[in-house]
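The values are calculated or read from the model by the stated rules, or taken from the named source; none is laboratory data. What you see is a predicted model; the values in this text were computed from it and never measured. Cβ coordinates were reconstructed from backbone atoms using ideal geometry, including for glycine residues, and neighbour counts include every protein chain displayed.
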Amino acid sequence: MTRSKLIIFSLLNSAGTFIYIILVSLVMINGGKIFGQANNLWGGIIILTLFVLSALIVGLLILGRPIILYLNGLKKEGILMLIYTVSALFLLLIVISTIYILVK
């Protein structure tokens, strides 16, 4: 796999992760409006299930393809893709944090 393809897939995985984070954040912010007040066992179950599901989805987005590449013998490409994905997410965090600080 070429370096440019690795970078493109890494950017797509980072963008997908970011979009998923936005969607989960919107659900959590508006959880009271959507589900009502959950001061019982079911509220905890829903939050923990969402947490576990989110860990799975984000794990697949970030680690899925690099692990497949690594296991298929493309070890260098798998590690590079993971590094590119983490780097893209870190840069996205810096950009979003800077925008938040400037707008605040």
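Can you tell me which of Ile67, Ile83, Ile94 is surrounded by fewer than 13 Cβ atoms within 10 Å (Cβ to Cβ), under 18 Å from the mean Cα position of the chain (by Cα) and among the aliphatic types (A, V, I, L, M)? None of the others qualify; the one that does is Ile94.
The helices (runs of 4 or more DSSP H) found entirely in the chain that carry 2 or more residues being in contact with a Pro (Cβ under 7 Å, 6 or more places away or on another chain) are 75-103. Given the criteria of a type outside the set (Ser, Thr, Tyr) and in contact (Cβ under 8 Å) with a residue 60 or more places away in the chain, does Leu89 qualify? Yes; evaluated as a whole, the condition is true for this residue. When we screen Leu61, Leu56 for residues that are within 16 Å of Leu23 (Cα to Cα) and modelled with pLDDT of 95 or more, the only hit is Leu56. Among the residues making up region 24-53, those that are surrounded by fewer than 11 Cβ atoms within 10 Å (Cβ to Cβ) and under 19 Å from the mean Cα position of the chain (by Cα) are Ser25, Ile29, Leu48, Thr49, Val52.
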